[in-house]
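Okay, so here's the structure we're looking at.
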């Protein structure tokens, strides 16, 4: 595209483990990045790389685009619709790129609100863990007007291994992301149950995982998360269990609106609630794969620090 090598002036809001790596990649690509986070201490490593600090949301909205990478609907709504938020601070024709995993309903709301304000809005949901974010190896699912996504291409290229476009309506990217997280969670639960079964039969989990990932299930979800379940290594969380619960809940809400029964998603939501009830909200979401071993009397889940 024509914008492929263009550097941009961009704000980045939300510097968790994923957001920090993504903002770092934008800086390395030469973009002018202004960073904002509710916890100011998280700004320091990026400032050392050349980022400009923002004391408030509005200061991150003075460029070509602003990216939000936040935990949930509530956090996104706060920075968009709050006093001095993105909606009131972003200039006309500037772009809000939502990279958070949010509900389809909120994506629709953001699309309409930005259109009324004369601003542009796209969804660009991401797949990958913090190490992939830092390495610029994420996968991005985009949806929105083609010309706006073309303008954003230099930003995406700094952060991703590959981009998939899902159409002109931003909410499509959010629905795809929620459906894919449902599939990952299904794999976590299935892996956990299978490993509990073979473990109680005296078979080594790591040997079993080697068979799975060399034959029937060769994808990264089984290899990476399977290793965490086999090792029962659920800390530090690459993606916290409380966020996994949120995503399954949002997938079920989308399914209800579309009248799509998802009985497995209902089961998964109960499993996440069980994990949270046991104090595991800050463990990696792969810890739902450890519930089966605990249920079978093999091992207790670790408590999150």
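The values are calculated or read from the model by the stated rules, or taken from the named source; none is laboratory data. Model, not experiment: these values are computed from the prediction. Every residue, glycine among them, receives a Cβ derived from its backbone with ideal geometry; neighbour counts consider all protein chains shown.
Every residue, every condition in (1) free of Cβ contacts under 8 Å to residues at least 60 places away in the same chain; (2) in the same structural domain as residue 33 (by TED's automatic domain parsing); (3) over 26 Å from residue 42 (Cα atoms), yes or no:
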| position | (1), (2), (3) |
| --- | --- |
| 108 | no, yes, yes |
| 119 | yes, yes, yes |
| 146 | yes, yes, yes |
| 151 | no, yes, yes |
| 156 | yes, yes, no |
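Among the listed residues 59, 74, identify the single one that is more than 21 Å from residue 27 (Cβ to Cβ), modelled with pLDDT of 95 or more and in a helix (DSSP H, G or I).
Step by step, each of 59, 74 is checked, and only 74 is more than 21 Å from residue 27 (Cβ to Cβ), modelled with pLDDT of 95 or more and in a helix (DSSP H, G or I).
Out of 264, 260, which single residue is in contact with a helix residue (DSSP H, G or I) (Cβ under 7 Å, 6 or more places away or on another chain), closer than 30 Å to residue 108 by Cβ and surrounded by fewer than 18 Cβ atoms within 10 Å (Cβ to Cβ)?
Only one candidate passes the filter, namely 264.
Which numbered condition in (1) in a helix (DSSP H, G or I); (2) free of Cβ contacts under 8 Å to residues at least 60 places away in the same chain is the only one that residue 79 fails?
(2)
If I filter the range 195-216 for residues that are closer than 30 Å to residue 114 by Cα and crowded, with 17+ Cβ neighbours inside 10 Å, do I get at least one hit?
No: the range 195-216 contains no residue that is closer than 30 Å to residue 114 by Cα and crowded, with 17+ Cβ neighbours inside 10 Å.
Could you please find all residues in the range 164-202 being under 30 Å from residue 96 (Cβ atoms) and in contact with a helix residue (DSSP H, G or I) (Cβ under 6 Å, 6 or more places away or on another chain)?
Correct list: 166, 170, 171, 174, 175, 178, 181, 182, 184, 185.
Before we move on, is residue 179 in the same structural domain as residue 246 (by TED's automatic domain parsing) and either surrounded by fewer than 22 Cβ atoms within 10 Å (Cβ to Cβ) or part of a loop (DSSP other than H, G, I, E, B) (or both)?
Here the answer is yes, as residue 179 does meet what is asked.
If residue 66 meets every condition in (1) buried (at least 19 other Cβ atoms within 10 Å of the Cβ); (2) farther than 17 Å from residue 140 by Cβ apart from one, which number is that one?
Every listed condition holds for residue 66 apart from (2).
Can you pull out every residue in the range 136-163 that is assigned to a strand (DSSP E or B), under 12 Å from residue 124 (Cβ atoms) and out of contact with any helix residue (DSSP H, G or I) (no Cβ under 7 Å at 6 or more places or on another chain)? Write out each step before concluding.
First, the residues of the range 136-163 that are assigned to a strand (DSSP E or B): 138-143, 160-163.
Imposing the further condition that a residue be under 12 Å from residue 124 (Cβ atoms) reduces the set to 138-143, 160, 163.
Correct list: 139, 160.
Quick one: is residue 122 outside any strand (DSSP E or B) and either under 21 Å from residue 92 (Cβ atoms) or more than 17 Å from the chain's Cα centre (by Cα) (or both)? Break it down into steps so the answer makes sense when it comes.
Details: outside any strand (DSSP E or B): no; either under 21 Å from residue 92 (Cβ atoms) or more than 17 Å from the chain's Cα centre (by Cα) (or both): yes.
So residue 122 does not fit the description; no.
For the range 40-54, which residues satisfy the criterion of being more than 15 Å from residue 9 (Cα to Cα) and touching a residue at least 24 places away in the same chain (Cβ under 8 Å)?
42, 43, 45, 46, 49
Restrict the check to the range 211-223 and report whether at least one residue is touching a residue at least 24 places away in the same chain (Cβ under 8 Å), under 16 Å from residue 129 (Cβ atoms) and not assigned by TED's automatic domain parsing to the domain that holds residue 149.
Yes.
State yes or no: is residue 16 farther than 14 Å from residue 97 by Cα and either surrounded by fewer than 20 Cβ atoms within 10 Å (Cβ to Cβ) or not assigned by TED's automatic domain parsing to the domain that holds residue 131 (or both)?
In short, yes.
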